[in-house]
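Report on the structure given below.
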Ligand SMILES: [Zn+2]
């Protein structure tokens, strides 16, 4: 409209110089155009109808099944069973392994990151990570990690369901079930995130890192009392985008009441300059009492929380695609 106003000559707007019959025609065209325009505007304002939704009940069932394997620490039989379970759920998908042996203070362990790739039309990759191992030092404590390990494995399986057999009109999305996120003794830079460190190094060497537009970690996202912290060890614009997506879904009250840095699978990527966000609820029970405790069980979780995080992240992907 500004351009039209600028195109005035001799103090008269261009349309004032037109013969009246032509003006009428233009008015009609204008009216039709405005009508179409308002319909487009109406469609935009009812965009809520197109917001993505995961099948949260199914995701919750996955969490239950994963947790039912029992402790799934590195090197365990249950860990192998879970690897098979994940791969079986990715039949027909493009799946890749990043497998190696980790040399740790507790000995050598086989580590296996499982990657499912969903190609898009845009040049660039959105990566979503979630760990599937449980805590090694708690292997004999009855710790089953429903939230810590279970919920992250499950939500990624549900993302795969949402991405499968759909044409992606956006960036490629890679889902990574990371292994060895947990420390085998005490959390340090060298005793933690074994899988993520290996993958970040590998992707730095082969040039993949440069193609990553955004990397988001899902961790402990099933807590029925869901409050995702704003993790300052992340790209501010990506953290803001996640919040915008949550707002669009009407879930913003579950995001960012607290903020602070976190150590998780994103760190090796964050340290290499990849735009990251660690989506974690690190306030699990009063004073985080259920965290790394045998009390991390299914009864503390809700499908609603999986819905909130699942929908928000799918919407974030949608917003990323438009950037
Ligand atoms: Zn943990």
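The values are calculated or read from the model by the stated rules, or taken from the named source; none is laboratory data. Predicted model only: the values in this text are computed from it and were never measured. All Cβ positions, glycine included, derive from the backbone under ideal geometry; neighbour counts span all protein chains shown.
Observations, loosely collected:
- Answer from 140, 189, 147 - the residue that is within 13 Å of the ligand (Cβ to nearest atom) and either assigned by TED's automatic domain parsing to the domain that holds residue 78 or in contact with a strand residue (DSSP E or B) (Cβ under 8 Å, 6 or more places away or on another chain) (or both): 147
- Where helices (runs of 4 or more DSSP H) sit wholly within the stretch 232-323, those with at least 3 residues that are buried (at least 18 other Cβ atoms within 10 Å of the Cβ) and within 12 Å of the chain's Cα centre (by Cα) occupy 236-249, 303-321.
- Test: residue in the stretch 275-292 that is farther than 26 Å from residue 134 by Cα and either touching a strand residue (DSSP E or B) at 6+ places or on another chain (Cβ under 6 Å) or not assigned by TED's automatic domain parsing to the domain that holds residue 68 (or both): yes
- Neighbours by Cβ (under 6 Å, 6+ apart or cross-chain): first from the stretch 127-138, closer than 25 Å to residue 238 by Cβ; second within 9 Å of the ligand (Cβ to nearest atom) and outside any helix (DSSP H, G or I): 131/181
- Residue check for residue 211: at pLDDT 95 or above and away from the ligand (no atom under 16 Å from the Cβ): yes
- Qualifying residue in the stretch 280-290 (condition: away from the ligand (no atom under 16 Å from the Cβ) and in contact (Cβ under 8 Å) with a residue 40 or more places away in the chain): no
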